[in-house]
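The values are calculated or read from the model by the stated rules, or taken from the named source; none is laboratory data. Everything numeric here is computed off the predicted structure, so don't read it as measured data. Cβ coordinates were reconstructed from backbone atoms using ideal geometry, including for glycine residues, and neighbour counts include every protein chain displayed. Accessible surface is based on the protein model in full, side chains and every heavy atom, while ligands, DNA and RNA are left aside. Shrake-Rupley method; radii C 1.70, N 1.55, O 1.52, S 1.80 Å.
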Amino acid sequence: MTKKILILPGDGIGPEIVAQAVKVLEKLQNQGLAVELDEAPVGGAAIDASGVPLPEETLEKAKAADAVLLGAVGGAKWEALDIAIRPEKGLLGLRAGLGLFANLRPALLYPQLADASTLKPEVVSGLDILIVRELTGGIYFGQPRGIRTLENGEREGFNTLVYRESEIERIVRVAGDIARKRDSRVCSVDKANVLECTELWREVATRVMEADYADVELSHMYVDNAAMQLVKAPKQFDVMVTTNMFGDILSDAAAMLTGSIGMLPSASLDEKGKGMYEPIHGSAPDIAGQDKANPLATILSVAMMLRYSLEESEMADRIEAAVNRVLDEGLRTADILSEGMREVSCSEMGDAVVAVL
Ligand code: NAD
């Protein structure tokens, strides 16, 4: 059956990097991948075209698709707009509208790029961890929230950290399922020594894993220790699963261990495995329109899409192997350039991956 992929190029470097990923998809189509591609506006591009960052038609198309590939949104042009209609609202609307509760953020350091990290090569070379972040609950969404004025006239800000058992259970299951396809180890990160909400998190994680994932090793770690361990000995981790806020922070720290923001893909999944795939970086307005951006994070997002939403793991493996090959050949976009390597443009990098495929 032909699967539908919706392409959302977005703003800044979005259209340039997405064009390279589309080349890769078209190459795979020629080799038997049964997909149909459609495109729609989101973010600033959608604001310019129709006044809103997430037009109804874009959301409807996204709901009808089997998977969504997003470039990036945002830019100075739209920064003065009211926060309710800024480009980033398009992203939040997609996450909420599609029910994308599980955010998968791999931090993988290709040995060829070990010098790009600020850490010693032996600490990070070959790093391959995956952070599973809960995306639609926790303190970012809990009620009540706000800023109130107390009786003495002083103002007080407040937010609520809240997780239901069912929310914890479904994200832990995502981590367990993914760990089985990797090194079968899950580290659940919480602050159970201080926060009751994450005491429940630890209890549910233990129950679910013991009952249904006995073949996967489960460990627990407090978030402060996890932050320390990520910097000290990051290769000890396989899959980490954690709350929305802890995951937000830890996944950025993990990403930076690799030193190359242009290399990292991400996935956000719903309950049925449908997902939105995107590079972790933004729209990079400073280099937009110059054919200089690194398209590999977006191309690797396609690999994640094939693995997690389209059940085409073999094609996913082939894309990742092709990326490895072009790095072995010494091709580098400007952001990952080092001595002795050959600098290529965004489109040349895309062509090189297609050529290997
Ligand atoms: P950014 O990720 O866009 O850029 C940070 C730095 O990394 C810049 O120097 C940029 O040139 C570089 N960079 C990023 N991606 C690159 C790539 N593929 N190849 C080479 N270099 C790359 O973050 P920012 O500058 O903080 O934000 C710029 C805009 O992007 C803002 O409007 C922000 O809101 C938006 N943003 C969007 C997303 C998203 O769409 N998911 C995420 C983050 C930021």
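Odds and ends about this structure:
- Test: residue in region 280-290 that is farther than 20 Å from residue 28 by Cα, buried (at least 18 other Cβ atoms within 10 Å of the Cβ), under 14 Å from the mean Cα position of the chain (by Cα) and more than 6 Å from the ligand (Cβ to nearest atom): yes
- Residue under evaluation residue 348, criteria (1) in contact with a helix residue (DSSP H, G or I) (Cβ under 9 Å, 6 or more places away or on another chain); (2) within 16 Å of the ligand (Cβ to nearest atom), criterion not met: (1)
Condition check ((1) part of a helix (DSSP H, G or I); (2) outside the structural domain of residue 348 (by TED's automatic domain parsing); (3) touching a Phe, Trp or Tyr at 6+ places or on another chain (Cβ under 6 Å); (4) surrounded by fewer than 19 Cβ atoms within 10 Å (Cβ to Cβ)) across all residues:
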{"residue": "16", "(1), (2), (3), (4)": "yes, no, no, no"}
{"residue": "20", "(1), (2), (3), (4)": "yes, no, no, no"}
{"residue": "29", "(1), (2), (3), (4)": "yes, no, no, yes"}
{"residue": "45", "(1), (2), (3), (4)": "yes, no, no, no"}
{"residue": "57", "(1), (2), (3), (4)": "yes, no, no, yes"}
{"residue": "61", "(1), (2), (3), (4)": "yes, no, no, yes"}
{"residue": "68", "(1), (2), (3), (4)": "no, no, no, no"}
{"residue": "89", "(1), (2), (3), (4)": "yes, no, no, no"}
{"residue": "115", "(1), (2), (3), (4)": "yes, yes, no, yes"}
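- Filter result (closer than 21 Å to residue 219 by Cβ, in a strand (DSSP E or B) and open to solvent by less than 50 Å² (accessible area, probe 1.4 Å)) within region 148-197: 186, 187, 188, 189, 190
- Under the condition of being open to solvent by 40 Å² or more (accessible area, probe 1.4 Å) and either touching a residue at least 24 places away in the same chain (Cβ under 8 Å) or touching a Lys or Arg at 6+ places or on another chain (Cβ under 8 Å) (or both), the residues counted in region 208-231 number 10.
- Test: residue in region 303-315 that is crowded, with 16+ Cβ neighbours inside 10 Å, in a helix (DSSP H, G or I), of a type in the set (Asp, Glu) and more than 16 Å from the ligand (Cβ to nearest atom): no
- Condition met for residue 293 (of a type in the set (Gly, Ala, Ser), open to solvent by 10 Å² or more (accessible area, probe 1.4 Å) and near the ligand (Cβ under 10 Å from one of its atoms)): no
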